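Reviewing the structure listed below.
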Amino acid sequence: MVTFKNVLDRCATTLWNDYKLNNLYNVNKIDFYEFLSGFLENSCDMFNGCLSSLAYHYETVVIDGSSMEMGVFDEELSSKEIYILCLGVCIGWFNYHILDVTQFQLHLSNREFKAYSEANNLKVKQETYNTLFENFNKEIMEYQMKNFDKLTYFGGQ
């Protein structure tokens with residue numbers, strides 16, 4: 001049984017190191033999982049061509065003595081499928097920061113910060129986002145190529 005917690009824990013331990021998320025996890029694990037669950041739901045929608053069903057339901061789980069409703073996938077997922085979902089969560093998290101309205105407003109006027117203004121910072125973030133999205137699509141393509149015989153169009157179920 002693969003839960004949202006399994007996927008989100010793998011994201012947090014292998015794909016990023018973000019002090020805000022680390023702090024949220026340390027302060028309130030329930031809020032951490034509730035916040036990132038939305039990114040995982042979006043990742044499920046982004047993962048076109050998954051051979052397993054990405055349908056999920058909610059069950060009550062207990063984390064640190066508190067209960068919460070958490071997504072549980074209806075089917076077992078392979079490690080590769082979980083990895084691709086993690087990439088989707090990472091893309092969503094990164095995009096969340098790119099679309100931060102404060103990045104569009106100039107608020108640093110010190111001379112030493114002008115060399116790397118919000119516009120330059122946003123450009124680098126956008127390039128990184130594009131690279132993440134390309135890697136996400138590459139992983140899906142490789143996943144499907146390794147399972148070519150299972151694809152519906154080519155005789156799979």
Unit charges at the beta carbon, dipole of region 1-91: most positive-side option, 35, 83, 67: 83
Gap separating the Cα centres of region 54-100 and region 10-27, nearest whole Å: 14 Å
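Bear in mind that the values in this text are calculations on the coordinates, not laboratory data. Note that the structure is a prediction, hence the values are computed from the model and not measured. Using ideal geometry, Cβ is built from the backbone for each residue, glycine included, and neighbour counts are taken over all protein chains shown.
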